[in-house]
Amino acid sequence: MSAVEIFEVGPRDGLQNEKAQIATADKIALVDLLSTAGFKRIEVASFVSPKWVPQMADSAEVLAGITRANGVSYAALTPNMRGLEAAIAAKADEVAVFASASEGFSKANVNATIEESLARFVPILDAAPMPVRGYVSCIAECPYDGPTDPADVARVVAQLRAMGCYEISLGDTIGRATPEQIDVMLKAVTDVCPPTQLAGHFHDTSGRALLNIDVALSHGLRVFDAAVGGLGGCPYAPGAAGNVATEAVLAHLDAAGHRTGLDAKIVAQAGEMARAMRSPKETT
Ligand code: HMG
Ligand code: MG
């Protein structure tokens, strides 16, 4: 079977929604452990407004404090030029811009229409000295607008690709997509972008993330975002539960004979460490 990469997003997407501020040293310890697990890319920071996402306010300190492993790319979210400048100063290896396929979520998440947010990304792609990844949220369902038209996803993917995003990650932000929806959406999206430049980013609210990964594998996708411990959610996506757990994706891919290059023991240890960082009231 083929090689499949898990892009670890736990230190960013997993932790960003935690209400109680997590100590910077704990975030650094999590990243340092993840750096020994075999990941090629780990999203560790988010240079967004601290008023919008207070948990990510120490992103520069996290990037300054981690022990960087050879061959690992440490990624950061950058919604605007100010975010890019901060990411460059903090020596992020790559950055990511994030758009939505639905207007309701775009407005709630970045206070801009889809077109306005895409227009903000053009100077980022022009100026960034490092690779830029793109996200598209609400690829199947939006918490504000309901079902998303696959043509809307394809249009945003095509625009991010035309700007120069090296890979576009397709986000089921509230984890409500069905395998059928993912199938129809990917038929539309792979018409405008090869599957080798796409990644799947499934939240697991409805317990269908692994099924959706299987559908994406059948369309040729070979990169999946996941968060150790299954933590996460977006503060501007009500009802969004955790990201699909890295441990679960790893076991699922292993069972199907795919090669991930990850050390399952370290991943499990990191999952425990991440779960221990949750606010007590959210611990189940
Ligand atoms: P705004 O209020 O429209 O813009 O926010 P603004 O320019 O008026 O800025 C508001 C304040 O933030 C100002 O401060 C700015 O200086 C400051 P004030 O003058 O009020 O003191 N500011 C910044 N501070 C630090 N870094 C920056 C920055 N930019 C402005 N880069 C904005 C617009 C985009 C800034 C805001 O809406 C925002 O930060 N949104 C981020 C929301 C977010 O991070 N959501 C979670 C990540 S996306 C996600 O989780 C989905 C994903 O996982 C995929 C999926 O699951 O679908 C990727
Ligand atoms: Mg997400």
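What the table below lists for this structure:
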quantity: Boolean, residue 94 is surrounded by 18 or more Cβ atoms within 10 Å (Cβ to Cβ), of a type in the set (Asp, Glu) and within 16 Å of ligand 2 (Cβ to nearest atom); calculated: no
quantity: So residue 81, is it farther than 24 Å from residue 240 by Cβ and in contact (Cβ under 8 Å) with a residue 60 or more places away in the chain; calculated: no
quantity: Residue in the range 239-246 that is of a type outside the set (Lys, Arg), touching a residue at least 40 places away in the same chain (Cβ under 8 Å) and over 30 Å from residue 101 (Cα atoms) present; calculated: no
quantity: Sole exception among (1) closer than 18 Å to residue 246 by Cβ; (2) buried (at least 17 other Cβ atoms within 10 Å of the Cβ); (3) of a type in the set (Gly, Ala, Ser); (4) away from ligand 2 (no atom under 16 Å from the Cβ) for residue 10, by number; calculated: (4)
quantity: Flag if residue 175 is touching a helix residue (DSSP H, G or I) at 6+ places or on another chain (Cβ under 6 Å) and at positive phi; calculated: no
quantity: Residue 39 being in a loop (DSSP other than H, G, I, E, B), aromatic (Phe, Trp, Tyr) and surrounded by 15 or more Cβ atoms within 10 Å (Cβ to Cβ); calculated: yes
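Every number here is computed from the coordinates shown, using simple stated rules; none is lab data. On a predicted model such as this, the values are computed, not experimentally measured, just so you know. Heads up, the Cβs are rebuilt from the backbone with ideal geometry, glycines too, and the neighbour counts pull from every protein chain shown.
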